[in-house]
Amino acid sequence: MQETLSSTTEDVSSKKRGRKAVKENYFDVREENAVRNFLIAETSQEKNKIYNEFLRGPLDKMISSIIRRYKLYRKDMNFEEINMDTHSFLMTKVDKFKPSKNKKAYSYFGTICKNYLMGQIIKDQKETNRKISYEDISSVIEQRPDMMYRIDDDVVENDFVIVEYLKELKKFVDSENLNDNEKKLGYALIDLFDNYQTIFSSADNNKFNKNVILLSLREMTNLSTKEIRGSIKRFKKLYSIIQTKMKN
């Protein structure tokens, strides 16, 4: 009897030691499908049902994880308020997601949230640090001859440049002899330019734009900052060539 009990105890102990915990992803195939069903739902009742049953919880977890991981805390707002504010903003961008591009909703939503949170933090900091209002001095400065600059009529619009660059970029990635890192970066750039209007919609600062782009490229390619800077040279050269042609 004692031997049997001892054997049973060893078996149970062995099973406990050998058992691996199953980690369930909070945003997986079910949630990706729910996003697609949400987008094609014809009534607000259908959308609300899908959202409450499949998306509300996972999106809350995603936003909470992003806030903690990147330390995107905002002044004068507690954690719940930051989460709710970001969640509300994200829901205004859900309809912009295009499943036809075969991209993950998880990746798109994550980029939108990081972009928004970083933008809000920068705005908060600007508001805190602003001691002299631009409006108070702008009229005086703008009348100074050394501060005046006339823009030529033939300036190329940013949107037009991006559209043209995207066309050439797709051809370039498919036809040029690129190394693995350059190919990864090329496809990531195509994805960014394809979605630039929604991904960078809340960006109002050049430095912020660069930070968000670099962060996005690192996550999309798994390349280090050094590898990205080394691989992006050929794409910069392509951009310069296209811009020069368009201006001429």
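Between ASN179 and LEU215, residue separation times 0.36 nm minus the direct Cα-Cα distance comes to 10.8 nm.
Estimated at 0.36 nm per residue, the fully extended path between SER107 and SER88 surpasses their Cα-Cα distance by 5.1 nm. For segment 29-129, the convex hull spanned by the alpha carbon atoms encloses 104 Å³ per residue.
Any read-out appearing in this document is the output of simple, stated calculations on the displayed coordinates, not a laboratory observation. It should be emphasised that the depicted structure is a prediction, and the values quoted were computed from it without experimental measurement.
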